[in-house]
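Asker: Handing you a structure now.
The values are calculated or read from the model by the stated rules, or taken from the named source; none is laboratory data. Everything quoted here is computed from the prediction, not taken from an experiment. Note that each Cβ is placed from the backbone with ideal geometry, even for glycine, and that neighbours are counted across all protein chains shown.
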Amino acid sequence: MDIDFTGLKFTGKVRIELTSERDVVLNSVGLEILHVTSGQKNFQFKQSDEELTVSTGTFVGTLVVDYKGSIPDSLAGIYRAPYDHTHVVTTHFEAAQARRMLPCVDRPDVKAEFKVTVRVDKDLNVISNMPIDSVKDEGEKKVVTFQKTPRMSTYLLYLGVGKFEEQRDKLGKTDVIVAAIPGKSKLGNFALNEAKKAIASFESYYGIPYELPKIHMIAVPEFAMGAMENWGAITFRETALLLDAGSSTRAKKRVSEVVIHELAHQWFGDLVTMKWWDDIWLNESFATFMSFKVIDTLHPEWKVWDDFLRMETSGAGARDALKNTHPVEVHVNSPDEIEQIFDDISYGKGASILRMVEAYIGKEAFQKGIQHYLTKYTYSNAAGDDLWDILESTSRQQVKKVMTSWIRQPGHPIVTVSLNGGVLKLHQERFLISGAFERGTWPIPINMEVNGEPRSLLFEREDEAVDVGHISSLRINLNRTGFYLVRYLGLDEVVWKSNLTAIDRWGIVADAFAFLLSGIMTFTDYLKLLTRYLQEMEFLPASEVSDQITFLQLLLPSRMLELSREFHRSQLRILQGKTDENSLILRGTVASRLLFVDDDYADGLAGKFKEYEKVEPDMKQAVALAYARRTGDYDGLVKAFRGTSSDEDKTRILNAMTAFADQTLLKRTLDFAVSGEVKRQDVRTTVLAAAGKPNAQTVTWAWLRSNLEKLREFYRGTGILSGTLLGMIPILGVGRVSEVEQFFNELEMPEAHVGISAGLEKMRAYDRMVSSIR
Ligand SMILES: [Zn+2]
């Protein structure tokens with residue numbers, strides 16, 4: 001490729017060695033094809049949709065395509081990522097976007113070796129998957145040639161051009177490198193150290209060394225996702241890789257989690273790839289599950305399995321309780337469909353099921369199976385079945401039956417437990433947030449503890465009876481490794497007399513919230529249950545209860561304000577003396593919530609904004625929120641936004657600016673978010689933040705209606721809008737269901753269809769719950 005860095009266009013020449021039984025069909029979008037040749041032969045070609053058909057007939061040899069293209073301000077394909085009045089040129093190809101940079105067979109199962117050569121201005125750096133092989137000067141320009149990659153999929157290719165600055169380190173023979181825009185690479189030191197430790201952990205767990213001579217971790221100034229696992233050249237948004245002195249503990253945990261997730265992919269996804277996007281969960285669930293495993297060994301004090309339950313398992317459960325869910329393994333075809341399955345099901349549900357299966361067959365058999373699988377399919381592709389076969393043979397347990405059912409069936413079960421004359425009765429059916437009952441069975445590996453004794457069974461039918469005799473204590477779904485809800489009927493006293501762990505207490509209240517939404521628990525019973533948590537001492541259940549109260553406060557302010565004040569005040573007292581990192585995070589969250597229901601407290605926090613620099617990192621968000629809420633100083637906050645170069649700080653201030661009590665200021669904030677001054681990547685978080693603020697729903701909804709086309713433009717070619725609407729619609733729509741339904745029903749928006757349908761269903765459930773309580 002010859003890249004015109006300032007003119008933002010390029011010419012390219014791709015040579016593909018291939019064999020074809022009929023006319024060659026390549027993928028290509030937005031490229032101007034100049035000619036297609038082979039040796040002296042010039043071929044006719046035609047372009048339609050995303051395909052370039054070349055009239056080769058049967059073909060064996062090297063096909064050469066000459067083409068040119070431009071570098072837009074988008075977030076997919078090859079694009080311009082601006083900063084400080086200049087830019088870098090970067091790529092993001094997953095799922096079907098490599099075709100925007102080069103004509104190719106853009107499918108994950110068609111792997112090839114790539115040799116990349118780029119001609120650029122002399123003063124620019126170029127990064128690709130492999131190390132540089134040679135650099136030759138050509139006048140004002142230079143030609144950079146990279147070493148040939150191993151066999152790999154097109155969606156993992158990478159090219160970055162710009163004034164990158166690097167921090168380098170070494171792990172054995174592997175160069176581990178952080179690259180960022182000038183002045184920022186040293187902020188990647190924490191990530192660099194995490195990466196070295198994590199690579200060593202993965203090498204030992206997988207039993208396969210990291211394959212490439214180097215690994216880049218690149219902070220890209222505009223980036224749609226958190227990060228992308230391009231083989232040997234991982235890209236990140238800045239906040240997922242860089243930390244400065246003002247970074248919060250939450251940001252630090254996130255950097256660790258994202259870095260390690262992407263490194264997990266270097267084996268799971270890059271070395272061994274799914275055959276087709278139907279199995280994208282194989283990539284994402286494994287990377288998610290494996291990353292938590294490794295973080296837990298690196299930072300046991302973080303108790304990241306608590307985060308796993310709250311973020312992955314619970315998030316996926318909420319999505320999976322809709323009729324508008326999909327099986328983990330889902331049939332997809334068009335790029336629009338593919339982009340929209342990078343969701344809670346492919347990540348969280350899949351990962352939770354892997355955790356359940358690991359608990360069922362044991363850690364050793366699981367690890368052995370994974371090693372065998374990766375070795376067998378190295379540089380190749382595999383499907384889910386290939387993995388079950390291996391896990392079944394390493395464990396001699398019924399893995400295939402269990403996995404097939406959980407992966408291919410949509411939804412998940414609720415297990416109702418009751419006691420009748422010394423017999424424990426279990427009943428399973430599909431859980432739906434709509435409150436409808438639907439028959440369904442899953443082979444559930446049940447782990448429980450009866451009177452202190454562990455018991456386990458594979459619960460496959462609708463009903464099961466277990467002889468237990470006299471019961472004095474009972475815990476079901478130990479450690480919450482099972483992806484199902486538990487409803488105890490008439491067993492409250494026994495359950496609460498059991499020796500409950502923090503995870504048990506979390507599970508009970510997390511399930512209760514789902515029962516409240518679906519209508520099988522009354523609001524009165526729910527509130528009664530919450531009284532057990534007012535003095536909660538543990539991070540996991542306390543975070544959960546805070547989330548639930550804050551959410552309900554949006555929909556039912558008059559019923560929740562008092563409780564929110566009481567709970568958050570009591571949490572603040574409990575957390576005052578704690579210094580562990582999770583407590584620091586929770587304290588920041590609690591403060592950010594208390595300020596909305598306690599004006600005196602908010603005034604105290606707001607006063608600290610004038611010395612914002614000195615505020616401890618975990619309290620910065622709360623201080624900014626309180627300042628916006630209590631002063632309405634729009635101009636002051638915009639000035640603060642402009643005055644910082646840290647994306648973390650910018651997003652904190654934007655979040656604060658959605659908390660103005662004055663609704664005209666909120667509208668100004670939303671307009672500011674799409675004015676061009678805010679990074680496109682952060683528009684989503686800003687509009688989502690607005691939807692989640694007290695009394696902000698009417699203004700945010702009106703704004704969304706008239707600005708939806710702009711959001712569409714920002715996120716074209718990605719699944720971002722789909723996820724954003726799924727987050728916003730349910731909250732904005734309560735109290736105006738038919739208006740919202742009508743608006744979206746009249747829209748033609750295939751790239752967000754999945755999120756919209758799911759969002760509307762969730763909205764109806766929330767609305768029903770609210771009307772039943774008011
Ligand atoms: Zn991933």
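Asker: Given the conditions (1) at pLDDT 95 or above; (2) of a type in the set (Gly, Ala, Ser); (3) within 25 Å of residue 671 (Cβ to Cβ); (4) under 30 Å from the mean Cα position of the chain (by Cα), report the number of the one that residue 645 does not fulfil.
Answerer: It is condition (1) that residue 645 fails.
Asker: Can you find even one residue in region 380-392 that is of a type in the set (Gly, Ala, Ser), within 30 Å of residue 112 (Cα to Cα) and assigned to a strand (DSSP E or B)?
Answerer: First pass over region 380-392, keeping only residues of a type in the set (Gly, Ala, Ser): 380, 382-384.
Then keep just the ones that are within 30 Å of residue 112 (Cα to Cα); that gives 380, 382-384.
Then drop every residue that is not assigned to a strand (DSSP E or B), which leaves 380, 382.
Yes, that holds for at least one residue.
Asker: Here is a further query. Go through region 243-267 and count every residue that is out of contact with any Phe, Trp or Tyr (no Cβ under 8 Å at 6 or more places or on another chain), farther than 18 Å from residue 307 by Cβ and of a type in the set (A, V, I, L, M, F, W, C).
Answerer: Number of matching residues: 1.
Asker: Checking the condition under 20 Å from the mean Cα position of the chain (by Cα), polar (S, T, N, Q) and away from the ligand (no atom under 16 Å from the Cβ), which residue from 248, 185, 256, 201 passes?
Answerer: Values: 185 fails: under 20 Å from the mean Cα position of the chain (by Cα); 256 fails: away from the ligand (no atom under 16 Å from the Cβ); 201 fails: under 20 Å from the mean Cα position of the chain (by Cα).
When all the criteria are applied, what remains is 248.
Asker: Could you give me the residue pairs with C-beta distances under 7 Å whose first residue belongs to region 266-293 and is closer than 15 Å to residue 356 by Cβ and without any contact (Cβ under 8 Å) to a residue 60 or more places away in the chain, whose second residue is assigned to a helix (DSSP H, G or I) and more than 11 Å from the ligand (Cβ to nearest atom) wherever it lies, and which are 6+ apart or on separate chains?
Answerer: These pairs meet every condition: 292/304; 292/305; 292/308.
Asker: Quick one: would you say residue 566 is out of contact with any Lys or Arg (no Cβ under 9 Å at 6 or more places or on another chain), surrounded by fewer than 22 Cβ atoms within 10 Å (Cβ to Cβ) and at pLDDT below 95?
Answerer: Considered against the rule, which asks whether it is out of contact with any Lys or Arg (no Cβ under 9 Å at 6 or more places or on another chain), surrounded by fewer than 22 Cβ atoms within 10 Å (Cβ to Cβ) and at pLDDT below 95, residue 566 comes out as no.
Asker: If you don't mind, there's one more thing I want to ask. Can you pull out the residues in region 293-336 that are of a type in the set (S, T, N, Q), surrounded by fewer than 21 Cβ atoms within 10 Å (Cβ to Cβ) and in a helix (DSSP H, G or I)? Let's see the steps before the verdict.
Answerer: Start the filter on region 293-336 by keeping residues that are of a type in the set (S, T, N, Q), which leaves 297, 313-314, 324-325, 333-334.
Next, only the ones that are surrounded by fewer than 21 Cβ atoms within 10 Å (Cβ to Cβ) stay: 297, 324, 333-334.
297 - this is the single residue of region 293-336 that is of a type in the set (S, T, N, Q), surrounded by fewer than 21 Cβ atoms within 10 Å (Cβ to Cβ) and in a helix (DSSP H, G or I).
Asker: Mind listing just one residue for me: the one in region 261-281 that is in a helix (DSSP H, G or I) and within 11 Å of the ligand (Cβ to nearest atom) and, of those, surrounded by the most Cβ atoms within 10 Å (Cβ to Cβ)? Step through it out loud before you land on a result.
Answerer: Quick first cut of region 261-281, residues in a helix (DSSP H, G or I) only: 261-265, 277-281.
Okay, now just the ones that are also within 11 Å of the ligand (Cβ to nearest atom), so 261-265, 280-281.
Values: 261: 26, 262: 27, 263: 24, 264: 27, 265: 25, 280: 25, 281: 29.
Per the criteria, the residue is 281.
Asker: In the set 90, 86, 117, which member is β-branched (Val, Ile, Thr), over 20 Å from residue 212 (Cα atoms) and surrounded by fewer than 21 Cβ atoms within 10 Å (Cβ to Cβ)?
Answerer: Working: 90 fails: surrounded by fewer than 21 Cβ atoms within 10 Å (Cβ to Cβ); 117 fails: over 20 Å from residue 212 (Cα atoms).
It is 86.
Asker: Which of the residues spanning region 423-465 are aliphatic (A, V, I, L, M), touching a residue at least 40 places away in the same chain (Cβ under 8 Å) and surrounded by 16 or more Cβ atoms within 10 Å (Cβ to Cβ)?
Answerer: 424, 426, 432, 433, 444
Asker: Say whether the condition of being within 32 Å of the chain's Cα centre (by Cα) and among the acidic types (Asp, Glu) is met by at least one residue in region 462-482. Walk me through it before giving the result.
Answerer: Initially, region 462-482 is screened for residues within 32 Å of the chain's Cα centre (by Cα), giving 475-482.
Then keep just the ones that are among the acidic types (Asp, Glu); that gives none.
Within region 462-482, none of the residues are within 32 Å of the chain's Cα centre (by Cα) and among the acidic types (Asp, Glu).
Asker: Return the residues of region 690-716 that are outside any helix (DSSP H, G or I) and under 24 Å from residue 656 (Cβ atoms); say none if nothing qualifies. It would help to see each step written out before you state the result.
Answerer: Narrowing region 690-716 to residues outside any helix (DSSP H, G or I): 692-696, 715-716.
Residues satisfying the conditions are 692, 693, 694, 695, 696, 715.
Asker: Among strands (runs of 3 or more DSSP E) lying entirely in region 71-139, which contain 3 or more residues that are closer than 30 Å to residue 713 by Cα? Before you say what the answer is, go through the steps one by one.
Answerer: Values: elements: 77-83, 86-92, 117-121, 125-128, 132-138.
Per the criteria, 77-83, 86-92, 125-128.
For every residue, the table says whether it meets (1) touching a Lys or Arg at 6+ places or on another chain (Cβ under 9 Å); (2) not in a helix (DSSP H, G or I).
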{"site": "668", "(1), (2)": "no, no"}
{"site": "678", "(1), (2)": "yes, yes"}
{"site": "684", "(1), (2)": "no, no"}
{"site": "688", "(1), (2)": "no, no"}
{"site": "718", "(1), (2)": "no, yes"}
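Asker: Out of the residues in region 284-298 that are touching a helix residue (DSSP H, G or I) at 6+ places or on another chain (Cβ under 7 Å) and not hydrophobic (A, V, I, L, M, F, W, C), state the one that is nearest to the ligand (Cβ to nearest atom).
Answerer: 284
Asker: Right, something else. Does region 1-51 hold any residues that are in contact (Cβ under 8 Å) with a residue 24 or more places away in the chain, over 21 Å from residue 77 (Cβ atoms) and in a loop (DSSP other than H, G, I, E, B), and which are they?
Answerer: Once the filter is applied, which keeps residues that are in contact (Cβ under 8 Å) with a residue 24 or more places away in the chain, over 21 Å from residue 77 (Cβ atoms) and in a loop (DSSP other than H, G, I, E, B), region 1-51 yields 21, 22, 23.
Asker: Please verify whether residue 661 is buried (at least 22 other Cβ atoms within 10 Å of the Cβ) and in contact (Cβ under 8 Å) with a residue 24 or more places away in the chain, treating the condition exactly as stated.
Answerer: Numbers: buried (at least 22 other Cβ atoms within 10 Å of the Cβ): no; in contact (Cβ under 8 Å) with a residue 24 or more places away in the chain: yes.
Spelling it out, it is not the case that residue 661 is buried (at least 22 other Cβ atoms within 10 Å of the Cβ) and in contact (Cβ under 8 Å) with a residue 24 or more places away in the chain.
Asker: Still on this structure, please answer the following. Among the candidates 554, 572, single out the residue that is of a type in the set (A, V, I, L, M, F, W, C), closer than 19 Å to residue 659 by Cβ, in contact (Cβ under 8 Å) with a residue 60 or more places away in the chain and not in a loop (DSSP other than H, G, I, E, B). Outline the logic, then answer.
Answerer: On the way: 572 fails: in contact (Cβ under 8 Å) with a residue 60 or more places away in the chain.
Result of the check over 554, 572: 554.
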